[in-house]
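One structure is given below, encoded as structure tokens.
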Amino acid sequence: CFLLKSLSATEITVNPSQDLKLPTSDSRQDPDVAVNVVVSKREVIVGEEKVLLLSSSTDPETQQIIYSIPSDEKNGFAVPKLEEAFRREADNYEQIAEMAGDKRDDLKFKGRVLLQIDKDIPFSLLRDVMYNAGMAKFAEFEFVVIKGGKGD
């Protein structure tokens with residue numbers, strides 16, 4: 001019984017895409033159950049829902065491509081479509097936990113987000129995603145990386 005209780009196998013589904021290249025890390029921590037969020041070079045997906053298409057522009061000085069949320073979708077850090085998608089996910093998790101009652105502690109809503117972020121996404125875009133998740137009751141963030149850490 002001890003072995004079964006302490007053994008943990010965590011599987012994360014990462015859909016291969018030219019628009020999503022995860023950073024590498026030598027971290028050994030397994031992620032917890034959480035709402036899956038994908039930020040590729042093209043779009044933001046919350047759970048299974050494609051929420052936003054991203055825009056891109058080229059920095060004239062560095063010639064680097066900058067990815068961002070279109071300005072007509074934002075008001076400061078607030079992105080209404082994104083916050084609403086996170087609220088729907090929170091509501092779904094809370095309903096599942098309510099149906100399970102006290103029988104399943106692992107199904108309780110814990111406000112966790114599992115972020116799959118392309119390695120070229122700027123922090124400003126990540127900040128906007130995290131801000132809107134926080135406005136919708138999510139306070140814990142985990143990042144999906146590829147095991148390795150000795151490259152890129």
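The values are calculated or read from the model by the stated rules, or taken from the named source; none is laboratory data. Note that the structure is predicted; figures quoted are calculated from it, not measured. Note that we place each Cβ from the backbone using ideal geometry, even for glycine, and neighbour counts take in every protein chain shown. These accessible areas exclude ligands, DNA and RNA; they are computed on the full protein's heavy atoms, side chains included. Shrake-Rupley method; radii C 1.70, N 1.55, O 1.52, S 1.80 Å.
The table below lists the values:
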quantity	calculated
Single residue of region 82-95 satisfying the filter (touching a Phe, Trp or Tyr at 6+ places or on another chain (Cβ under 8 Å) and over 18 Å from residue 131 (Cα atoms)) that is surrounded by the most Cβ atoms within 10 Å (Cβ to Cβ)	93
Residue in region 14-31 that is within 22 Å of residue 139 (Cβ to Cβ), modelled with pLDDT of 95 or more and either within 16 Å of the chain's Cα centre (by Cα) or not in a helix (DSSP H, G or I) (or both) present	no
Selected residue (only one of 38, 79, 44 is out of contact with any Cys (no Cβ under 6 Å at 6 or more places or on another chain), under 16 Å from residue 140 (Cα atoms) and either at pLDDT 90 or above or loosely packed, with under 13 Cβ neighbours inside 10 Å (or both))	38
Residue among 50, 74, 81 that alone is within 19 Å of the chain's Cα centre (by Cα) and without any contact (Cβ under 8 Å) to a residue 24 or more places away in the chain	50
Subset of region 47-57 [open to solvent by 80 Å² or more (accessible area, probe 1.4 Å) and in contact with a strand residue (DSSP E or B) (Cβ under 6 Å, 6 or more places away or on another chain)]	50, 53
Qualifying residues in region 96-129 (those that are of a type in the set (Asp, Glu), modelled with pLDDT under 95 and within 28 Å of residue 54 (Cα to Cα)) - the one surrounded by the most Cβ atoms within 10 Å (Cβ to Cβ)	118
